[in-house]
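**Student:** If you scroll down you'll find the structure; I have some questions about it.
The values are calculated or read from the model by the stated rules, or taken from the named source; none is laboratory data. Here the structure is a predicted model, which is why all the values come from computation and not from measurement. Cβ atoms come from the backbone with ideal geometry, glycine included; neighbour counts cover every protein chain shown. Keep in mind that these areas ignore ligands, DNA and RNA; they rest on the heavy atoms of the full protein, side chains included. Shrake-Rupley method; radii C 1.70, N 1.55, O 1.52, S 1.80 Å.
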Amino acid sequence: MKIQNIRSLEIPEIKLIRFEKFIDSRGFFSEVYNINDIRRECPFLGNFQIMQANEAYSHANTFRGLHFQWNPHMGKLVRLIYGKLIDLALDLRPDSITYGKIVGCEVKCSCDYADWIWIPPGFAHGALLLEKSMIEYFCTGTYNPENERTISIFSDDIDWSICNKEILNIFNNIDKPQLNIKDRDLHAMTFTEWKNTVESKSTFINL
């Protein structure tokens, strides 16, 4: 796995990892994950272990999220296989200076390179798919519906102040009536409603 570069988003715990593809007359080949390279070049992943691997196909103009869970905590390493992905992460760590703030970036895939984005535990995760898209993500925990929650991406109390302006502009220009989103995601709790729960006070402290 030849990692080209790693950059932090506006919340530095969120990382974009770009890796190279090897091109010849037949097409391309890539190692999308190599534990030795990950451990050497991505120390922020700690003792990363894949407990569950998910794949999702989405029609154009689809939004999934903002989802999060605890017990077990779940970090996500997400990549785009094809399509167009805007990935979003909302900080739910009550002891964080960016608590309640959201960041995002376009996660890319081309013939030359592709990206992983790392969403650590303590963040709600969302994916905006602007074209027919396939994504894959490796999870550090297994799914537990009893300890999963969703915050609506349209919650007015989410703080977008540090989000990349291009990403914010894309979000603001969503054709909301045509957006393909589940009712349970669209009408999920607000950030304030989550903040007022007992679970929010201790769930993601000192991760």
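**Student:** State all residues of region 38-87 that are of a type in the set (F, W, Y) and open to solvent by 40 Å² or more (accessible area, probe 1.4 Å); if no residue qualifies, say none. Before the answer, list the steps.
**Tutor:** Within region 38-87, the subset of a type in the set (F, W, Y) is 44, 48, 57, 63, 68, 70, 82.
Those that are of a type in the set (F, W, Y) and open to solvent by 40 Å² or more (accessible area, probe 1.4 Å): F44, Y57, Y82.
**Student:** Would you please name the residue that is surrounded by the most Cβ atoms within 10 Å (Cβ to Cβ), looking only at residues in region 185-207 that are of a type in the set (S, T, Y) and within 14 Å of T150 (Cβ to Cβ)? Outline the logic, then answer.
**Tutor:** Let us first name the residues in region 185-207 that are of a type in the set (S, T, Y), namely 190, 192, 197, 200, 202-203.
Right, trim to within 14 Å of T150 (Cβ to Cβ) and you get 190, 197, 200.
Numbers: T190: 15, T197: 11, S200: 18.
Looking at the filtered set, the residue picked out is S200.
**Student:** Hey, does region 97-110 have a residue that's within 22 Å of F154 (Cα to Cα), in contact (Cβ under 8 Å) with a residue 40 or more places away in the chain and outside any strand (DSSP E or B)?
**Tutor:** yes
**Student:** Right, another one. Is it fair to say F154 is hydrophobic (A, V, I, L, M, F, W, C) and open to solvent by 40 Å² or more (accessible area, probe 1.4 Å)?
**Tutor:** Numbers: hydrophobic (A, V, I, L, M, F, W, C): yes; open to solvent by 40 Å² or more (accessible area, probe 1.4 Å): yes.
When the stated conditions are applied, F154 passes them.
**Student:** Sticking with this structure for a sec: Report yes if K201 is over 24 Å from N71 (Cα atoms) and among the basic types (K, R), otherwise no.
**Tutor:** Numbers: over 24 Å from N71 (Cα atoms): no; among the basic types (K, R): yes.
No, not satisfied.
**Student:** In the set S25, S58, which member is without any contact (Cβ under 8 Å) to a residue 12 or more places away in the chain and of a type in the set (S, T, Y)?
**Tutor:** On the way: S58 fails: without any contact (Cβ under 8 Å) to a residue 12 or more places away in the chain.
Of the residues listed, the single one that is without any contact (Cβ under 8 Å) to a residue 12 or more places away in the chain and of a type in the set (S, T, Y) is S25.
**Student:** Since V32 meets every condition but one in (1) crowded, with 17+ Cβ neighbours inside 10 Å; (2) assigned to a loop (DSSP other than H, G, I, E, B), which condition does it not meet?
**Tutor:** It is condition (1) that V32 fails.
**Student:** List, please: which pairs have Cβ atoms under 6 Å, are six or more places apart or on different chains, and start with a residue in region 161-184 that is open to solvent by less than 50 Å² (accessible area, probe 1.4 Å) and end with one that is aromatic (F, W, Y)?
**Tutor:** L168/W160; L179/F63; I181/F63
**Student:** Please specify each residue of region 116-146 satisfying the condition of being open to solvent by less than 30 Å² (accessible area, probe 1.4 Å), over 15 Å from D91 (Cβ atoms) and of a type in the set (F, W, Y).
**Tutor:** Once the filter is applied, which keeps residues that are open to solvent by less than 30 Å² (accessible area, probe 1.4 Å), over 15 Å from D91 (Cβ atoms) and of a type in the set (F, W, Y), region 116-146 yields W116, F138.
**Student:** Let me ask something else. Determine which single condition T150 fails, assuming it passes every other condition in (1) under 25 Å from N61 (Cβ atoms); (2) part of a helix (DSSP H, G or I).
**Tutor:** (2)
**Student:** Do you know which residues across region 17-51 are in contact with a Ser or Thr (Cβ under 7 Å, 6 or more places away or on another chain) and over 15 Å from R79 (Cβ atoms)?
**Tutor:** F22, Q49, M51
**Student:** Quick check on my filter: what residues within region 14-29 are farther than 29 Å from N164 by Cα and either modelled with pLDDT of 90 or more or open to solvent by 50 Å² or more (accessible area, probe 1.4 Å) (or both)?
**Tutor:** F22, I23, D24, S25, R26, F28, F29 - these are the residues of region 14-29 that are farther than 29 Å from N164 by Cα and either modelled with pLDDT of 90 or more or open to solvent by 50 Å² or more (accessible area, probe 1.4 Å) (or both).
**Student:** Residue by residue through region 88-115, note down the ones that are within 22 Å of P72 (Cα to Cα) and open to solvent by less than 10 Å² (accessible area, probe 1.4 Å). Don't jump to the end; show me each part of the working.
**Tutor:** First pass over region 88-115, keeping only residues within 22 Å of P72 (Cα to Cα): 88-96, 99-100.
Listed by number, the residues that qualify are L88, A89, L90, D91, L92, G100.
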